[in-house]
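One structure below.
Only the coordinates and a few stated rules stand behind these numbers; no lab work does. If you're wondering where the values come from, they're calculated on a predicted model, not measured in any experiment. Methodologically, a virtual Cβ is constructed for each residue, glycine included, from the backbone with ideal geometry; neighbour enumeration extends over all protein chains shown.
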């Protein structure tokens, strides 16, 4: 299927591979001088569907309050304990692979997997992510929540593009064929 939607991981990481500190802080990320929004707006226009884990959703609600950042997108939160929907998201409490394959086959733009670590690990293991856009901040935070969890599997990627946004380096990968 040439026109099938892609699932894209678009995420920032510290130089030493962490997406947040142990207490879920992203303060280290905002201390770095970027350029504009480092390509975020351009990327955001290419997606119409957002996927995230429950913990990531709760972090967003805690940080953003009433200003849910993805109001104009279809948002799905994968949860083992919550089902139903609210004004922002639909909670998914079903087989992830089947659900994602249905999304990919439906009409629409690309799909953004926002996080978190547990969900991303599962997506990688099942090879559900099609492309990776990883922005690296020139900051080492020492410990925290890793971008990639320790795994019993390997994967190889091909560099598709790279960009510089002042102090940030953005790497764009796809699966090696």
Multiply the residue separation of residue 26 and residue 152 by 0.36 nm, subtract the distance between their alpha-carbon atoms, and state the gained length in nm to one decimal. 42.6 nm
When the Cα centres of the stretch 11-59 and the stretch 137-157 are compared, how far apart do they sit, in Å? 14
Please give the peptides 156-164, 22-30 ranked by average Cβ packing (other Cβ atoms within 10 Å per residue), highest first, as a rough proxy for protection. 22-30, 156-164
For labels at residue 140 and residue 101 in the simple 7 Å Cα→Cβ model, what's the distance in nm? 4.3
Could you quote the convex hull projected area for the chain, Cα atoms only and averaged over all directions, in nm²? 10.6
How far apart, in nanometres, would the label points at residue 161 and residue 63 be if each is projected 7 angstrom from Cα along the Cα-to-Cβ direction? 2.4
Report the gain in length on full extension from residue 33 to residue 16: 0.36 nm times residue separation, minus Cα-Cα distance, nm rounded to one decimal. 4.3 nm
In deg cm²/dmol, rounded to the nearest 500, the helical mean residue ellipticity at 222 nm of the chain, built from -39500 (n - 2.57) for every DSSP H run of length 4 or more, is -6000 deg cm²/dmol
Antiparallel as a % of all DSSP beta bridges within the stretch 1-130, to the nearest 5? 10
Which order results if 96, 177, 7 are arranged by neighbouring Cβ count within 10 Å, fewest first? 177, 96, 7
